[in-house]
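Trainee: I am attaching a structure below and will ask some questions about it afterwards.
The values are calculated or read from the model by the stated rules, or taken from the named source; none is laboratory data. These numbers come from a predicted model, not from an experiment. All Cβ positions, even for glycine, are placed from backbone atoms using ideal geometry, and neighbour counts span all protein chains on display. What goes into the accessible areas is simple: the full protein's heavy atoms, side chains included, and nothing from ligands, DNA or RNA. Shrake-Rupley method; radii C 1.70, N 1.55, O 1.52, S 1.80 Å.
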Amino acid sequence: MNHQKIRVAVNGYGVIGKRIADAVAAQDDMELVGIADVVSDYRVKVALGKGYPIFASTPEAETEMRAAGILLAGNLNALLGTIDVVADATPKKVASANFEKYKAAGVHAIFQGGEKHELTGHSFVAQANYASALGRASTRVVSCNTTSTVRTLGALKDAGLLKKARGVLVRRATDPWESDHSGIINTVVPEKAIPSHQGPDAQTVMPELDVITIALVAAHTISHLHSWSVELTRPASKDEVLAAFRAVPRIALIRMAEGIVALNSTKELMSDLGRPRGDMWEVGLWEESLTVIGAELFYNYQVDNQAIVVPENIDAIRALTRSEQDGMTSIAKTDQALGLLREFIPVQETPVLRS
Ligand SMILES: NC(=O)c1ccc[n+]([C@@H]2O[C@H](COP(=O)([O-])OP(=O)(O)OC[C@H]3O[C@@H](n4cnc5c(N)ncnc54)[C@H](O)[C@@H]3O)[C@@H](O)[C@H]2O)c1
């Protein structure tokens with residue numbers, strides 16, 4: 001491995017970008033060279049306070065940001081001239097237009113799930129296809145829903161248990177920071193098309209998956225809930241299925257018996273664990289409700305849409321730059337640096353009462 005740090009920029013410092021920036025800063029093999037955006041509000045000011053160098057993403061933004069008193073380190077072109085890889089977390093359409101700039105600068109580029117697979121021709125989930133991203137110029141970290149689908153169905157496939165899967169995805173209405181102006185209230189809105197796009201999207205990472213998804217938008221802002229019905233290759237026990245999920249990284253079992261009864265409980269647990277922004281990077285899969293009837297499997301899990309793709313971006317940085325050849329080694333390194341867990345609540349020893 002090359003012992004120089006990987007020089008990383010984040011373009012677009014919103015919900016996903018600010019989390020990627022903090023995650024990059026937490027890795028001992030990466031240097032966050034700067035973040036770029038077009039706004040001058042509290043988010044960029046907080047980044048400045050953290051000591052992150054700030055760059056203006058467009059010439060218009062440069063004028064506005066300077067006028068707003070943001071101490072700029074330069075513009076996007078200057079930033080691109082000093083880095084190895086950029087994680088682009090700008091909105092749809094902006095990201096694809098940026099690709100030409102990244103190609104011209106000769107830097108590796110990572111895009112997010114709002115972009116189409118065709119943009120880069122490669123879609124990434126670390127535990128499924130790290131190896132095929134090695135040394136590529138670019139990849140796309142798939143969306144939050146797709147990441148969770150690939151992690152969980154990949155675990156069943158690795159255990160030789162997966163035949164086909166059908167999932168219902170109850171999606172959050174909007175992100176919390178945007179709930180003053182977007183989102184629905186007092187209704188549930190089914191998506192027009194079945195299958196929804198997440199099933200085919202999972203096939204961009206694992207083409208062999210037999211998967212169909214149905215998506216609904218509900219009136220809440222805390223994360224997504226997935227309910228899956230899976231046909232197994234053979235009758236199996238509940239313990240076998242739990243062992244398959246336990247055998248892979250980034251899936252953690254959660255339990256109603258411990259008070260983790262709904263999406264809000266998990267968010268509270270993450271805050272109590274001291275997670276930054278109350279983030280859950282793992283898929284939180286309910287142990288009690290997981291049910292096997294013969295060769296049919298049913299389960300529910302929670303996806304923290306704001307957080308789950310963050311460790312995937314870190315692994316994508318190592319894969320594109322070839323700084324780590326082995327996917328599982330990169331995953332372990334990322335998870336150690338961020339503090340991902342296999343069990344959120346450690347098994348307690350029963351106290352021995354002394355007479
Ligand atoms: N929010 C989620 O739950 C979520 C989950 C997974 C993936 N994603 C994907 O991540 C990407 C970013 O989504 P988000 O939710 O972080 O969006 P966001 O709106 O929170 O953040 C986008 C940021 O990009 C900035 N920006 C706008 N135009 C720009 C430009 N020309 N140059 C540089 N910066 C610019 C905005 O000011 C904002 O800070 C999208 O592809 C989205 O689909 C989002």
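Trainee: Mind listing whichever residues of the stretch 199-235 are in a strand (DSSP E or B) and either touching a Phe, Trp or Tyr at 6+ places or on another chain (Cβ under 7 Å) or not aliphatic (A, V, I, L, M) (or both)? Lay out the reasoning, then the answer.
Mentor: Residues of the stretch 199-235 that are in a strand (DSSP E or B), as a first pass: 211-218, 224-232.
Of everything in the stretch 199-235, those that are in a strand (DSSP E or B) and either touching a Phe, Trp or Tyr at 6+ places or on another chain (Cβ under 7 Å) or not aliphatic (A, V, I, L, M) (or both) turn out to be 213, 224, 226, 227, 228, 229, 231.
Trainee: Taking the stretch 111-154 as the search range and keeping residues that are more than 10 Å from the ligand (Cβ to nearest atom) and touching an Asp or Glu at 6+ places or on another chain (Cβ under 7 Å), which one is farthest from residue 302 (Cα to Cα)? Talk me through it step by step, then tell me what you get.
Mentor: As a first pass, look at the stretch 111-154 and keep what is more than 10 Å from the ligand (Cβ to nearest atom): 116-139, 148-154.
So of that shortlist, the ones also touching an Asp or Glu at 6+ places or on another chain (Cβ under 7 Å) come out as 124-126, 130.
Values: 124: 20, 125: 18, 126: 19, 130: 24 Å.
My answer is 130.
Trainee: Let me ask something additional. Do we have residue 132 as of a type in the set (S, T, N, Q) and in contact with a Gly (Cβ under 6 Å, 6 or more places away or on another chain) here?
Mentor: Details: of a type in the set (S, T, N, Q): yes; in contact with a Gly (Cβ under 6 Å, 6 or more places away or on another chain): no.
Criteria not met by residue 132.
Trainee: Looking at this structure, is residue 51 in a loop (DSSP other than H, G, I, E, B), without any contact (Cβ under 8 Å) to a residue 12 or more places away in the chain and under 25 Å from the mean Cα position of the chain (by Cα)?
Mentor: On the way: in a loop (DSSP other than H, G, I, E, B): yes; without any contact (Cβ under 8 Å) to a residue 12 or more places away in the chain: yes; under 25 Å from the mean Cα position of the chain (by Cα): yes.
For residue 51, the condition - in a loop (DSSP other than H, G, I, E, B), without any contact (Cβ under 8 Å) to a residue 12 or more places away in the chain and under 25 Å from the mean Cα position of the chain (by Cα) - is met.
Trainee: Still on this structure: Out of the residues in the stretch 173-207 that are β-branched (Val, Ile, Thr) and under 29 Å from residue 133 (Cα atoms), state the one that is least open to solvent (accessible area, probe 1.4 Å). Full working, then the answer.
Mentor: We begin by selecting, within the stretch 173-207, every residue β-branched (Val, Ile, Thr); these are 174, 184-185, 187-189, 194, 204-205.
Narrowing further to those that are under 29 Å from residue 133 (Cα atoms): 204-205.
Details: 204: 43, 205: 15 Å².
Within the stretch 173-207, the match that is least open to solvent (accessible area, probe 1.4 Å) is 205.
Trainee: Open to solvent by 50 Å² or more (accessible area, probe 1.4 Å) and among the charged types (D, E, K, R): does that describe residue 115? It would help to see each step written out before you state the result.
Mentor: Values: open to solvent by 50 Å² or more (accessible area, probe 1.4 Å): no; among the charged types (D, E, K, R): yes.
No.
Trainee: Which of the residues belonging to the stretch 36-48 are of a type outside the set (D, E, K, R) and either more than 9 Å from the ligand (Cβ to nearest atom) or assigned to a loop (DSSP other than H, G, I, E, B) (or both)? Reasoning before the result, please.
Mentor: Taking the stretch 36-48 and keeping what is of a type outside the set (D, E, K, R), we get 36, 38-40, 42, 44, 46-48.
If the condition is that a residue be of a type outside the set (D, E, K, R) and either more than 9 Å from the ligand (Cβ to nearest atom) or assigned to a loop (DSSP other than H, G, I, E, B) (or both), then 38, 39, 40, 42, 46, 47, 48 are the ones that fit.
Trainee: Take the stretch 69-94 and flag every residue that is under 23 Å from residue 322 (Cα atoms) and in contact with a Leu (Cβ under 9 Å, 6 or more places away or on another chain).
Mentor: Filtering the stretch 69-94 down to residues under 23 Å from residue 322 (Cα atoms) leaves 79-89.
Of everything in the stretch 69-94, those that are under 23 Å from residue 322 (Cα atoms) and in contact with a Leu (Cβ under 9 Å, 6 or more places away or on another chain) turn out to be 84, 85, 86.
Trainee: I'd like the full set of residues that are of a type in the set (A, V, I, L, M) and either open to solvent by 40 Å² or more (accessible area, probe 1.4 Å) or over 18 Å from residue 315 (Cα atoms) (or both), limited to the stretch 27-48.
Mentor: In the first step, residues of the stretch 27-48 are kept if they are of a type in the set (A, V, I, L, M); the result is 30, 32-33, 35-36, 38-39, 44, 46-48.
Scanning the stretch 27-48 gives 35, 36, 38, 39, 44, 46, 47, 48.
Trainee: Could you check how many residues of the stretch 239-255 are in contact (Cβ under 8 Å) with a residue 60 or more places away in the chain and in a helix (DSSP H, G or I)?
Mentor: 6
Trainee: Check the stretch 152-172 and report whether any residue there is of a type outside the set (Lys, Arg), closer than 26 Å to residue 30 by Cα and open to solvent by 50 Å² or more (accessible area, probe 1.4 Å).
Mentor: Pass one, the stretch 152-172, residues of a type outside the set (Lys, Arg): 152-156, 158-162, 165, 167-170.
If we keep only those that are closer than 26 Å to residue 30 by Cα too, we end up with none.
Within the stretch 152-172, none of the residues are of a type outside the set (Lys, Arg), closer than 26 Å to residue 30 by Cα and open to solvent by 50 Å² or more (accessible area, probe 1.4 Å).
Trainee: Just to verify a result, which residue in the stretch 10-26, among those that are touching a residue at least 40 places away in the same chain (Cβ under 8 Å) and open to solvent by 10 Å² or more (accessible area, probe 1.4 Å), is farthest from the ligand (Cβ to nearest atom)?
Mentor: Here the residue is 26.
Trainee: Among the listed residues 345, 308, 331, which satisfies the condition of being surrounded by 24 or more Cβ atoms within 10 Å (Cβ to Cβ), touching a helix residue (DSSP H, G or I) at 6+ places or on another chain (Cβ under 7 Å) and among the β-branched types (Val, Ile, Thr)? Show your work before the answer.
Mentor: Details: 345 fails: surrounded by 24 or more Cβ atoms within 10 Å (Cβ to Cβ); 331 fails: surrounded by 24 or more Cβ atoms within 10 Å (Cβ to Cβ).
After applying the criteria, what remains is 308.
Trainee: For the stretch 81-101, enumerate the residues that are touching a residue at least 24 places away in the same chain (Cβ under 8 Å) and within 12 Å of the ligand (Cβ to nearest atom).
Mentor: Pass one, the stretch 81-101, residues touching a residue at least 24 places away in the same chain (Cβ under 8 Å): 81-91, 94-95, 98-99, 101.
Result: 86, 87, 88, 89, 90, 91, 94, 95, 98, 101.
Trainee: Here is a follow-up. Suppose the filter is more than 11 Å from the ligand (Cβ to nearest atom) and either open to solvent by 60 Å² or more (accessible area, probe 1.4 Å) or assigned to a helix (DSSP H, G or I) (or both); does residue 61 pass it? Show your work before the answer.
Mentor: Details: more than 11 Å from the ligand (Cβ to nearest atom): no; either open to solvent by 60 Å² or more (accessible area, probe 1.4 Å) or assigned to a helix (DSSP H, G or I) (or both): yes.
The answer is no for residue 61.
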